[in-house]
Amino acid sequence: MSKRFIVTGGAGFIGSALVRLIIAETQHSVVVVDKLTYAGNLDNLAPVAADPRFSFAQIDICDAHAVRKLVADVEPDAIIHLAAESHVDRSIDGPGAFIETNVNGTFALLQAALGFWRGLSAERKAAFRFHHISTDEVFGSLGPDGLFEETTPYDPRSPYSASKAASDHLVQAWHHTYGLPTLLSNCSNNYGPYHFPEKLIPLVILNALHGKPLPVYGKGDNIRDWLYVDDHARALLLIAETGKPGESYNVGGHNERTNIDVVRAICALMDEFRPGSVAGGHESLITFVADRPGHDQRYAIDPTKIRRELGWTARENFDTGLRKTVRWYLDNEAWWQRIRSGVYQGQRLGSGSAGARA
């Protein structure tokens with residue numbers, strides 16, 4: 001049976017991957033809600049923009065009136081909430097936007113969803129879902145051993161992760177207090193096509209392509225657990241359709257890598273795809289820079305629950321996913337060139353030198 005979805009943040013990296021998946025592989029319809037900040041890009045939705053099951057509304061989720069009206073007009077079967085300020089480095093320089101969007105925006109959306117849900121028939125009430133997408137960064141930093149589980153205590157370390165932790169708690173509270181059928185998922189680091197080039201992997205690919213220095217924080221020994229974005233999109237759709245209300249699900253790819261190993265892997269692929277373009281090979285461009293403040297040492301997700309209860313597993317390992325990602329950036333210059341010529345030219349963010357602007 002076809003459903004109507006509202007996807008907030010659907011013009012962003014992960015949100016657009018989910019929207020493209022829904023239109024390509026289901027009969028559901030999607031209304032994308034996005035403020036179109038620097039990371040929201042309608043080009044991400046170009047492959048599905050002409051489909052009659054797709055529509056777009058430029059709305060700030062902090063605008064409670066606009067959000068309530070949209071929910072009432074669309075009458076969704078599910079709201080999948082990805083709209084968020086999401087970059088740790090930007091949160092260090094300007095935390096105010098993260099509190100406003102991630103906390104106040106989530107509150108406005110929850111209130112709109114609750115008011116709509118209360119007016120539904122018993123059957124539609126039982127079927128409705130509010131799925132909130134979060135991050136593994138809410139759990140803090142791991143030592144050399146262990147994995148984040150759904151029961152891991154929260155220990156956020158940055159303004160970004162603190163704002164996401166707050167929004168997670170709001171979602172859980174609206175379920176326990178008001179009965180709203182919520183779902184929560186926490187994911188590891190995503191990568192893949194359409195990734196805004198302030199993040200490590202696309203930044204390194206594009207700098208390598210242009211023969212620019214490849215900045216690596218500290219010693220490059222910080223560890224992240226990488227998840228190919230299309231695998232994440234499949235997990236999100238599965239959770240929204242089959243997850244149990246009130247539950248949280250960790251989504252990860254079992255792909256732990258140090259940052260320096262990620263950069264070296266990109267360099268090896270660039271040497272393969274663009275041989276001879278950099279004298280001495282692309283690794284010669286690696287430059288170690290001062291670490292960012294409060295840089296968490298290691299993240300790693302245990303996805304046992306979503307595999308056991310919902311049957312999800314990642315299709316890509318890091319090597320196959322990274323190869324696809326590098327190839328996509330080399331083949332899609334028009335997409336990233338529009339970004340690089342405008343809102344972001346690859347400058348460093350999050351040094352703390354901006355004095356934590358509001």
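Just one of the listed residues (GLU137, GLU123) is crowded, with 21+ Cβ neighbours inside 10 Å and either under 25 Å from VAL229 (Cβ atoms) or modelled with pLDDT of 95 or more (or both), and it is GLU137. Within segment 42-61, the set of residues being crowded, with 18+ Cβ neighbours inside 10 Å and polar (S, T, N, Q) comprises ASN44 only. A residue that is in contact with a Lys or Arg (Cβ under 9 Å, 6 or more places away or on another chain), hydrophobic (A, V, I, L, M, F, W, C) and farther than 19 Å from ASP296 by Cβ cannot be found anywhere in segment 85-96.
Exactly one residue out of GLY12, GLY94, GLY105 is surrounded by fewer than 19 Cβ atoms within 10 Å (Cβ to Cβ) and either within 25 Å of THR242 (Cβ to Cβ) or not acidic (Asp, Glu) (or both), and it is GLY94. THR37 satisfies every condition listed in (1) modelled with pLDDT of 95 or more; (2) closer than 23 Å to TYR329 by Cα; (3) of a type in the set (Val, Ile, Thr) except (1).
Count of segment 68-80 residues, restricted to those that are more than 15 Å from ARG4 (Cβ to Cβ) and buried (at least 17 other Cβ atoms within 10 Å of the Cβ), is 1. You will find that of LEU236, LEU214, the residue that is surrounded by 21 or more Cβ atoms within 10 Å (Cβ to Cβ) and more than 26 Å from ALA83 (Cα to Cα) is LEU214 and no other. Selection within segment 305-348: residues that are outside any helix (DSSP H, G or I), closer than 25 Å to HIS282 by Cα and at pLDDT below 95. The member of this set that is farthest from the chain's Cα centre (by Cα) is SER341. Comparison of GLY220, GLY211, GLY179, GLY192 shows that the only residue that is farther than 22 Å from THR151 by Cβ, under 21 Å from the mean Cα position of the chain (by Cα) and of a type in the set (Gly, Ala, Ser) is GLY192.
For residues that are among the β-branched types (Val, Ile, Thr) and surrounded by 18 or more Cβ atoms within 10 Å (Cβ to Cβ), scanning just segment 141-175, find the one that is nearest to LEU109 (Cα to Cα). Checked segment 141-175; the qualifying residue nearest to LEU109 (Cα to Cα) is VAL171. Looking only at residues of segment 253-273 that are surrounded by fewer than 19 Cβ atoms within 10 Å (Cβ to Cβ) and touching a Leu at 6+ places or on another chain (Cβ under 7 Å), we find that the one that is farthest from GLY192 (Cα to Cα) is PHE273. The residue that is modelled with the highest pLDDT, among those in segment 252-300 that are under 25 Å from the mean Cα position of the chain (by Cα) and at positive phi, is HIS254.
Of the residues making up segment 19-55, those that are among the hydrophobic types (A, V, I, L, M, F, W, C) and under 19 Å from THR106 (Cα atoms) are VAL31, VAL32, VAL33, LEU36, ALA39. For segment 166-199, give me each residue that is assigned to a loop (DSSP other than H, G, I, E, B) and hydrophobic (A, V, I, L, M, F, W, C). Result: LEU180, PHE196. Taken as a whole, segment 194-211 holds no residue that is surrounded by 22 or more Cβ atoms within 10 Å (Cβ to Cβ), closer than 27 Å to VAL71 by Cα and among the β-branched types (Val, Ile, Thr).
Whether any residue in segment 86-94 is in contact with a helix residue (DSSP H, G or I) (Cβ under 6 Å, 6 or more places away or on another chain) and closer than 30 Å to ASP291 by Cα is what I want to check. Yes - at least one qualifying residue is present in segment 86-94.
Put simply, of THR135, THR106 the only residue that is within 18 Å of ILE239 (Cα to Cα) and either in contact (Cβ under 8 Å) with a residue 12 or more places away in the chain or among the polar types (S, T, N, Q) (or both) is THR135. Restricting the search to strands (runs of 3 or more DSSP E) fully inside segment 213-300 and requiring at least 1 residues that are among the hydrophobic types (A, V, I, L, M, F, W, C) gives 214-217, 223-228, 248-251, 286-289.
If the condition is being closer than 30 Å to GLU333 by Cα, polar (S, T, N, Q) and at pLDDT 95 or above, then segment 165-202 contributes only ASN190. If you check LEU227, LEU184 for being more than 13 Å from the chain's Cα centre (by Cα) and touching a residue at least 40 places away in the same chain (Cβ under 8 Å), only one passes: LEU184.
The values are calculated or read from the model by the stated rules, or taken from the named source; none is laboratory data. Since we're looking at a predicted model, the values are computed, not measured. Cβ sites come from the backbone with ideal geometry, for glycine too, and all protein chains shown count toward neighbours.
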